[in-house]
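Below is one structure, written out as structure tokens, with a few remarks after it.
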Amino acid sequence: MELYLDHVGKNYGGQTWAVRNVCLHLKPGVLGLLGPNGAGKSSLMRMLATITKPSEGKVLWNGVNITKKPDRLRKVLGYLPQDFGVYPNLNAVEFLQYCASVKGLTGRSARMRIDELIQLVNLTEVCKRPLGGYSGGMKQRVGIAQALLNDPELLIVDEPTVGLDPEERVRFRNLLSDLAGERIVIFSTHIVSDIESTATEIAVMQKGALLSYSDPEHLLKNMQGKVWETMVPSSQLQAVKNQWLISGLVRRSEGFQVRVIADKTPFVGAQPVAPTLEDAYLSLTSFGGERA
Ligand code: ADP
């Protein structure tokens, strides 16, 4: 099972490219697709979900070009779009029955699969209530259930944690890590902590370009010796902010404990500290590439 993106680009008709020159080679595992708003994550995912076609390059699913033969991928694809909507008057079971019939799943096997998924996403107690009364997190869990109806080999979830409260966010994250296993999962977000504990690989995008594609350990290793902490008096904080890339700030009685990203010691007495993925992401998106 493999998904290969060969110099994939998307242009909606203007001067700029929403996605340009993206090359990825995915095997089973969880890819965290990280990038700020407008980075091109949704555009990339819509191409992978065969909703739109690449303007350049190609996408191969097990060696088959998905633009030429989209059905090969569609039958093993689960997709939760960012703008996933539900019918408010249907309950979760009715909605999933509707989605199942659209996907060509009917009868006893569909009913069994829906029961199984409702349990998996932890909606058993509320599954007979109309979806209009669900919280954001509950709706997203219905969204994930519909994406899993066909037990997909490729599961694409586009910014699924937007609008969720912290508790729902953690629950959703845990659910996704349980689902990983023998499939390729692509999970996009602009929040590092969403993918910190789940991603086996991380791709960072900005302004349409892929800034980095590696495993989390490699990202952290690249940041070794580049993250520092020091105390700064309040009166000097603005000057420090103007000069250095700050990845964290904690107010203390004697000033601010500042976390700085720099190749060399930024101040006398600054201590090197262990980098986090947040540091790596900030460093890449601050010093990284330009729009293609
Ligand atoms: P992200 O998902 O990372 O927020 P998007 O893929 O939504 O990024 O957007 C990338 C760029 O492409 C943005 O500049 C956005 O305005 C543009 N864009 C996205 N969808 C369309 C579209 N359908 N038509 C024209 N431009 C679009």
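Among the residues of region 160-212 satisfying the criterion of being away from the ligand (no atom under 16 Å from the Cβ) and among the hydroxyl-bearing types (Ser, Thr, Tyr), which is nearest to Leu148 (Cα to Cα)? Step by step, filter region 160-212, then rank; the result is Ser177.
Among the numbered criteria (1) in contact with a Ser or Thr (Cβ under 6 Å, 6 or more places away or on another chain); (2) touching a residue at least 60 places away in the same chain (Cβ under 8 Å); (3) part of a helix (DSSP H, G or I), which single criterion is violated by Gly143? All conditions are met except number (1). Does region 174-194 hold any residues that are surrounded by fewer than 20 Cβ atoms within 10 Å (Cβ to Cβ), of a type outside the set (A, V, I, L, M) and in a helix (DSSP H, G or I), and which are they? Those that are surrounded by fewer than 20 Cβ atoms within 10 Å (Cβ to Cβ), of a type outside the set (A, V, I, L, M) and in a helix (DSSP H, G or I): Asn174, Ser177, Asp178, Ser193. Listed by position, the strands (runs of 3 or more DSSP E) contained in region 28-136 that have at least 3 residues being within 16 Å of the ligand (Cβ to nearest atom) are 29-34, 56-61. For region 14-27, does any single residue satisfy the condition of being among the hydroxyl-bearing types (Ser, Thr, Tyr), in contact (Cβ under 8 Å) with a residue 12 or more places away in the chain and either within 8 Å of the ligand (Cβ to nearest atom) or touching a Cys at 6+ places or on another chain (Cβ under 6 Å) (or both)? Looking for residues that are among the hydroxyl-bearing types (Ser, Thr, Tyr), in contact (Cβ under 8 Å) with a residue 12 or more places away in the chain and either within 8 Å of the ligand (Cβ to nearest atom) or touching a Cys at 6+ places or on another chain (Cβ under 6 Å) (or both), one finds at least one in region 14-27, hence yes.
The lone criterion from (1) touching a helix residue (DSSP H, G or I) at 6+ places or on another chain (Cβ under 6 Å); (2) surrounded by fewer than 21 Cβ atoms within 10 Å (Cβ to Cβ) left unmet by Arg171 is number (1). For His7, the conditions (1) on the phi > 0 side of the Ramachandran plot; (2) part of a loop (DSSP other than H, G, I, E, B); (3) touching a residue at least 24 places away in the same chain (Cβ under 8 Å) all hold with the exception of (2). When region 245-292 is filtered for residues that are closer than 21 Å to Leu33 by Cβ, out of contact with any helix residue (DSSP H, G or I) (no Cβ under 8 Å at 6 or more places or on another chain) and polar (S, T, N, Q), the ones remaining, listed by number, are Ser283, Thr285, Ser286.
Of all residue pairs spaced 6 or more apart or on separate chains, those with beta-carbon atoms under 8 Å, a first member in region 209-221 that is of a type in the set (Gly, Ala, Ser) and a second member that is part of a strand (DSSP E or B) and surrounded by 18 or more Cβ atoms within 10 Å (Cβ to Cβ) are Ala209/Arg20; Ala209/Val22; Ser212/Ile202; Ser212/Ala203; Ser212/Val204; Ser214/Glu201; Ser214/Ile202. Evaluating Val162 against the criteria (1) part of a helix (DSSP H, G or I); (2) of a type in the set (A, V, I, L, M); (3) more than 21 Å from Gly29 (Cβ to Cβ); (4) at pLDDT below 95 leaves one unmet condition, (1).
The set of residues from region 1-13 being of a type in the set (D, E, K, R) and more than 8 Å from the ligand (Cβ to nearest atom) comprises Glu2, Asp6.
The values are calculated or read from the model by the stated rules, or taken from the named source; none is laboratory data. Keep in mind it's a predicted model, so treat the numbers as computed, not measured. When we count neighbours, we look across all protein chains shown, and the Cβ atoms used for this are built from the backbone with ideal geometry, even at glycine.
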